[in-house]
1. Across the stretch 465-506, which residue is surrounded by the fewest Cβ atoms within 10 Å (Cβ to Cβ) among those that are touching a residue at least 12 places away in the same chain (Cβ under 8 Å) and part of a strand (DSSP E or B)?
2. Of the residues that sit in the stretch 382-419 and are of a type in the set (G, A, S) and touching a residue at least 60 places away in the same chain (Cβ under 8 Å), which one is surrounded by the most Cβ atoms within 10 Å (Cβ to Cβ)?
3. Given the options G438, G424, name the one that is buried (at least 24 other Cβ atoms within 10 Å of the Cβ), of a type outside the set (D, E) and either closer than 23 Å to V150 by Cβ or at pLDDT 95 or above (or both).
4. Does any residue of the stretch 234-245 turn out to be touching a residue at least 40 places away in the same chain (Cβ under 8 Å), assigned to a loop (DSSP other than H, G, I, E, B), within 25 Å of Q332 (Cβ to Cβ) and not β-branched (V, I, T)?
5. Can you tell me which of (1) modelled with pLDDT of 95 or more; (2) not in a strand (DSSP E or B) is the one Q64 doesn't meet?
6. Kindly check whether there is at least one residue in the stretch 72-84 that is among the aliphatic types (A, V, I, L, M), in contact with a helix residue (DSSP H, G or I) (Cβ under 6 Å, 6 or more places away or on another chain), at pLDDT 95 or above and not in a loop (DSSP other than H, G, I, E, B).
7. Considering each of T352, T323 in turn, give the residue that is over 22 Å from S206 (Cα atoms), surrounded by 18 or more Cβ atoms within 10 Å (Cβ to Cβ), among the hydroxyl-bearing types (S, T, Y) and at pLDDT 95 or above.
8. Can you report the number of residues in the stretch 215-253 which are small (G, A, S) and either under 12 Å from the mean Cα position of the chain (by Cα) or under 18 Å from Q375 (Cβ atoms) (or both)?
Amino acid sequence: MNTPFAALNMTRRNLLTASGTGVGLAALHTLLCSDGRAVASDLSDQTRSDPAGVVPNSLNPGMQSLGGLADLPHFPPKIKNVIYLFQNGAPTHVDLFDYKPELTRLHGQPVPESFIGGKRFSTMTGSASGKLMLANVEPFHRHGECGATVSEFLPYTAGIVDKLCFIHSLHTDAVNHAPAISFLLSGSQIPGRPTLGAWLTYGLGSESRNLPSFVVMTSVSKGTTCGQVFYDFYWGNGFLPSRYQGVKFRSGGDPVLYLSNPDGISRELRREWLDDIARINQLKLQQTGDPEVSTRISQYEMAFKMQASVPELTDLSGETQATLDMYGPQVQERGTFAHNCLLARRLVERGTRFVQLMHAGWDQHNSLTTELYTQCKDTDQPSAALIRDLEQRGLLDETLVIWGGEFGRTPFLQGDINNRPRWGRDHHPYAFTVWMAGGGIKPGFSWGKSDALGINVAGNPVHVHDLQATILHLLGIDHKRLTYRFQGRQFRLTDVHGEVVHAIQS
């Protein structure tokens, strides 16, 4: 009897692995398919239809989500998409949105001990005792029918305050950038948990066959001295299968690596290669049951579709001049925040569920009177334009837009008060401001407040986990029920915390 070569080389580990992937694997695959965790193995023309034949989501509201869990949404959602305008480095709340007249009165005086007792600040501040209070750099004014106070730093945002909901009482557990960003986006200061976009893709699936459900774009203001790094775990899948991680669009070359075929390779030939590779991968999946093989199959298919859909997405020639002007002079410059904001609108228009724009440069330890002006100039007009553009196209009612950073900045000074060109503020996790707009959110509304100096929450506190729970709730998800079993316990985005903030919802 001839023994197959593979059997002669089988180790004990191979034997034990193979013995557990018979009937048990078939049963497991059935269970996973029932709740959307296994990729469909059907490679028919229907499952890999060409992007040119798909109607954009905004023009086809009846399009069904692809993938996702069978029991989601848990209740009728108020929104379908999220655009997170994440401002890396922590914008200074007391210079932009949270007006504190007491800072002007106490300018140059030591911070009152009663406001800072027992609080931990970054090592750059150390003890806050004796630090001098610093007045807001630019004047504030009331705007709109709601009377929201906004600094002169942000004239375009001031013009849309009646469409915004301000949360002035957000607070977090982390005092340094990377842990705080990880905490806000994944619910854990330690990297390795799924981020918000990954959770949504896992739970709700996608509404586009031809674009990723979770897209990330990054930008940095020119000339900034900020040393912020865009770590991949800011859009990671954590312990979820890797097909749920965010797809990062690059600012130079092809937006996605290997988007273009090499010279001499036609689309038809690429399709034939992918079909052959898919069959090989399917055999490997049947042998091992490894979910990463499923990921490989689905990602190859998405990459093929993106070869047609991404060039169309990034071609702005069809946008009117009025629209381009609304986003500002940098809108056609790839890699800028303005360009990314316009792409964000085009993405949700085509069915992408979660768009994460990350703009670095807000870490003003010694540049409040210099680089803060640049940051606001680069982000203010595009942020306001995105809200107006979504509204004009009927997309704002189904989209949630969030603007904010990982924490705020200290109301007291970092640096020498006699050296104004080098004024700065340190990290401040105890009270800061974000704004939200869109479906399910009360427009022209403010929630929560900080104390007289902008140091502590003084009313209606909103923890980071509360914000996460509220975002999920708007999407029709009970944050306590969207879980994933890993290493013996059920994990969720909000860990074991979080309360939905119903007061800000319309």
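1. The residue in question is F486.
2. Our first condition is that a residue be of a type in the set (G, A, S); within the stretch 382-419, this holds for 383-385, 394, 404-405, 408, 415.
Restricting the remaining residues to those that are touching a residue at least 60 places away in the same chain (Cβ under 8 Å) gives 383-385, 394, 404-405, 408.
Details: S383: 26, A384: 26, A385: 23, G394: 9, G404: 24, G405: 28, G408: 32.
Checked the stretch 382-419; the qualifying residue surrounded by the most Cβ atoms within 10 Å (Cβ to Cβ) is G408.
3. On the way: G424 fails: buried (at least 24 other Cβ atoms within 10 Å of the Cβ).
Criteria check complete, one pass: G438.
4. Taking the stretch 234-245 first, the residues touching a residue at least 40 places away in the same chain (Cβ under 8 Å) are 234-245.
After this cut, where a residue has to be assigned to a loop (DSSP other than H, G, I, E, B) as well, the list is 236-241, 245.
Remaining after also requiring within 25 Å of Q332 (Cβ to Cβ): none.
Checked against the condition, which is being touching a residue at least 40 places away in the same chain (Cβ under 8 Å), assigned to a loop (DSSP other than H, G, I, E, B), within 25 Å of Q332 (Cβ to Cβ) and not β-branched (V, I, T), the stretch 234-245 yields no hits at all.
5. In the conditions (1) modelled with pLDDT of 95 or more; (2) not in a strand (DSSP E or B), Q64 misses (1) alone.
6. So in the stretch 72-84, the residues among the aliphatic types (A, V, I, L, M) come out as 72, 79, 82-83.
Subsequent filtering for residues that are in contact with a helix residue (DSSP H, G or I) (Cβ under 6 Å, 6 or more places away or on another chain) retains 72, 79, 83.
Okay, now just the ones that are also at pLDDT 95 or above, so 72, 79, 83.
Imposing the further condition that a residue be not in a loop (DSSP other than H, G, I, E, B) reduces the set to 83.
Yes: the stretch 72-84 contains one or more residues that are among the aliphatic types (A, V, I, L, M), in contact with a helix residue (DSSP H, G or I) (Cβ under 6 Å, 6 or more places away or on another chain), at pLDDT 95 or above and not in a loop (DSSP other than H, G, I, E, B).
7. Numbers: T352 fails: over 22 Å from S206 (Cα atoms).
None of the others qualify; the one that does is T323.
8. Of all residues in the stretch 215-253, those small (G, A, S) come to 219, 221, 223, 227, 236, 238, 242, 246, 251-253.
If we keep only those that are either under 12 Å from the mean Cα position of the chain (by Cα) or under 18 Å from Q375 (Cβ atoms) (or both) too, we end up with 219, 221, 223, 227, 236, 246, 251.
Residues in the stretch 215-253 being small (G, A, S) and either under 12 Å from the mean Cα position of the chain (by Cα) or under 18 Å from Q375 (Cβ atoms) (or both): 7 in total.
The values are calculated or read from the model by the stated rules, or taken from the named source; none is laboratory data. Given the structure is predicted, the values throughout are model-derived calculations rather than measurements. No Cβ is skipped: glycine too gets one built from the backbone with ideal geometry, and neighbour counts run over all protein chains shown.
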